[in-house]
1. Between D18 and R392, what FRET efficiency follows from the Cβ-Cβ distance if R0 is 60 Å, with the result rounded to 0.05?
2. Express in nm, to one decimal, how much length is gained between R451 and D359 on full extension, taking 0.36 nm for each residue of separation and deducting their alpha carbon distance.
3. What does the accessible area per residue of the stretch 272-369 come to in Å², with a 1.4 Å probe and no ligands, DNA or RNA counted?
4. Please list 374-381, 135-142 highest first by mean number of surrounding beta-carbon atoms within 10 Å per residue.
5. With Kirkwood's inverse mean 1/r over C-alpha pairs for Rh, give me the Rg to Rh ratio of the stretch 563-628, two decimals please.
6. So, by mean Cβ neighbours within 10 angstrom, what's the order for 280-293, 43-56 with the highest one leading?
7. Stretch E373-H655 to full length: gain in nm at 0.36 nm per residue minus the Cα-Cα span?
8. What ranking, highest mean first, results for peptides 73-80, 625-632 when packing means the other Cβ atoms within 10 Å averaged over each residue?
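The values are calculated or read from the model by the stated rules, or taken from the named source; none is laboratory data. Owing to the predicted nature of the structure, the values given are computational and were not obtained by experimental measurement. Cβ sites come from the backbone with ideal geometry, for glycine too, and all protein chains shown count toward neighbours. Each accessible area value is taken on the protein alone, full model and side chains, heavy atoms only, with ligands, DNA and RNA left out. Shrake-Rupley method; radii C 1.70, N 1.55, O 1.52, S 1.80 Å.
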Amino acid sequence: MIDRATVDKILDAARIVDVVGEFVTLRKSGVNFKGLCPFHDDRNPSFMVSPSKNICHCFVCGKGGTPAGFLMEHEQMTYPEALRWLARKYNIEIVEKELTDEERAAQSERESMFIVNEWAKDWFHQTLKNHPEGVAIGRQYFRSRGIRDDIIEKFQLGYSPQQGDALSQAAQKAGYKKEFLVKTGLCYERRDEREERREDGSADKGNSAPRLVDRYRGRAIFPWLNVSGKVVAFGGRVLDSRTKGVAQKYVNSPDSDIYHKERELYGIYQAKKAIVKEDRVFMVEGYTDVIAMHQAGIENVVANSGTALSEHQIHLLHRFTSNITLLYDGDEAGIHAAMRGTDMLLSDGMNIKVLLLPDGDDPDSFARKHSAEELRKYIEENQTDFITFKTRLTVQNVDDPVKRSEAIGGIVQSISVIPDQILRSTYLTDLSQRIGMKEQTLIAELNKRVRRNLEDKQKEREREANRLASQPSSGPSAPMSGPFDPASGPSAPVSSSSAPASSSSAAVPAASPAGSFPPSAAAPSSLPHLHTPQEQASQVELLLLREVVRHGDEVIFDNVETDDGSTITLTVAQYIDLDLSQDDLHFANPLHQQMLDEAVAHSGEPGWKAETYFCSNSNLQVSQLATALAIDRHQLGGRFAMQPREDSLRLRVQHLVMDFRLDLVEQRLKAIQQQMRQATNDMETTMQLLREHKETKELRDMLAKRLGSDLIV
């Protein structure tokens with residue numbers, strides 16, 4: 001457990017720009033910073049980081065938070081894990097009390113797997129450095145590949161002894177559970193096929209308990225670190241007794257709760273700062289390619305370890321740069337590797353260059369033959385854009401008309417997936433000049449393929465919509481059906497049914513669950529036009545909650561006289577709660593009401609700040625919603641900054657409370673009208689409803705008049 005004083009110290013030291021900047025390339029935008037959102041497929045920067053508020057927020061998917069909240073969401077950390085990460089970053093010492101058995105048992109399985117992997121990484125590394133077999137075989141292997149000691153330390157390379165259970169025995173002796181050794185893939189279970197003797201002397205064959213076997217025994221070890229530096233997996237290279245590789249054969253960790261091969265890139269942790277600095281990333285195939293490039297002084301390099309590039313890997317790279325160079329050896333396998341990822345990279349808006357090394361060389365061997373300066377010069381002079389690469393490879397020197405036509409069609413298809421129209425046109429002009437074909441012919445083919453791509457995407461969206469529609473509803477309230485900007489309100493109708501209620505306690509239709517934001521559409525920058533009272537009610541509730549988050553602790557009424565003659569002071573949160581409670585009104589969304597109740601409870605505490613309290617809340621749902629409500633899409637700086645008037649907050653809150661009441665009355669009117677349509681044959685009920693309709697309408701008109709609205713009809 002971390003004591004409260006240390007937690008406060010960590011939160012005070014943490015700076016949102018520093019933390020987010022570890023994972024996202026940020027650029028100055030007024031008084032804030034912007035970048036591509038790391039939580040969804042973002043091609044136009046929609047992720048806003050506010051240094052003044054020390055929070056971040058995506059205006060498309062809605063995710064973000066404080067430094068701790070960002071880490072919890074991005075790295076799937078618990079709150080204590082996020083605090084420890086921040087403490088390490090800002091060199092803050094944490095003195096924790098010893099965990100009880102119950103507390104230790106409550107640690108998440110995911111955290112336990114990370115802990116086991118971290119221990120294994122250190123064990124492999126120390127074995128390489130200090131164990132006789134590790135020094136004689138493992139270290140000798142790395143030296144035979146020309147890998148320096150400082151690079152061994154940088155990548156925490158290691159060695160696993162040939163003894164089949166060396167790691168499992170050491171791990172269990174250190175207190176690590178067999179369960180997590182298996183789940184991380186460090187070991188696997190094997191049942192021995194041998195005879196065992198029962199107490200009566202008879203044979204019992206094959207019933208022995210399974211034993212643990214080390215997965216990487218006798219191999220050089222390459223730890224996989226994710227973008228935040230956590231050990232998620234290992235790769236092991238098989239060696240022979242003479243320390244020379246008998247085959248280019250690797251065994252990798254199996255997929256687990258903390259590792260999915262298609263989501264990770266080898267070397268991303270060591271490369272991310274250099275990628276941002278150089279605004280380019282080199283993609284290679286293997287571990288030793290990455291290491292050799294680092295040793296040659298080129299650090300902005302990662303490997304996908306021979307697998308096809310996935311969307312997850314491309315999105316991960318796109319956070320740091322839009323420029324990528326595919327750096328492979330010039331054999332058939334290298335050419336195939338360069339070709340297969342091109343269209344996915346282009347469709348994600350990446351700018352691609354390709355470099356195939358001389359036949360017989362891979363990045364590892366080529367880097368060891370040349371100095372860092374020679375390597376950089378060769379890359380600069382020989383890398384080509386993908387049009388040049390594909391044209392040389394598939395079109396030039398091809399005489400067969402059919403094959404040539406297919407090759408040109410393949411290049412046009414690649415151009416068609418590029419989202420930038422100007423770039424598409426530029427590439428098409430270049431292609432026309434290279435192959436000597438009329439540009440108009442290529443444009444016609446391009447347009448046909450662009451339309452086909454759009455149709456395919458539309459069909460995919462329809463299939464996904466049908467799939468979701470066929471699933472049973474998870475609750476009584478229908479979900480929000482359109483994009484949502486927490487700072488502005490919903491931008492599309494919210495489907496919800498409301499039961500009739502009295503005018504004093506009409507229920508507001510439930511808003512979308514806090515923290516649940518549709519991922520696909522951009523949120524509007526201004527308040528949308530709303531068509532129904534239900535939509536207005538849900539929006540006004542959010543606007544009121546926004547005032548609670550931003551100003552809940554601020555006093556707007558001083559020395560208010562009560563019925564008994566005493567005077568009280570009211571904060572924003574207290575005023576909203578007091579006004580609504582007079583008629584037993586409350587927020588429809590339980591989380592919204594919970595946040596209002598907490599703001600009221602804390603309002604009297606000295607030094608309590610609503611925005612800080614909610615944005616840094618350990619409840620991730622509360623933190624994300626508060627962050628969304630606290631941050632502005634656009635914020636002027638310097639002499640253009642808006643200076644609030646002293647009475648503007650009070651007037652705004654009063655107006656919103658009346659809006660909230662008006663919306664409830666509008667809902668009641670609509671419910672009465674519906675009841676009247678259903679009671680056409682019941683005169684007594686109809687007359688009662690007419691009287692109630694008249695009274696409710698008068699109340700509506702009075703509220704509308706006070707609000708200065710022309711709603712009287």
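1. 0.85
2. 29.2 nm
3. Computed with neighbouring chains in place, this is 33 Å² per residue.
4. 135-142, 374-381
5. 1.02
6. Averaged packing, sorted descending, gives the order 280-293, 43-56.
7. Extra length from E373 to H655 when fully extended: 94.8 nm.
8. Ranked by mean Cβ neighbours within 10 Å, highest first: 625-632, 73-80.
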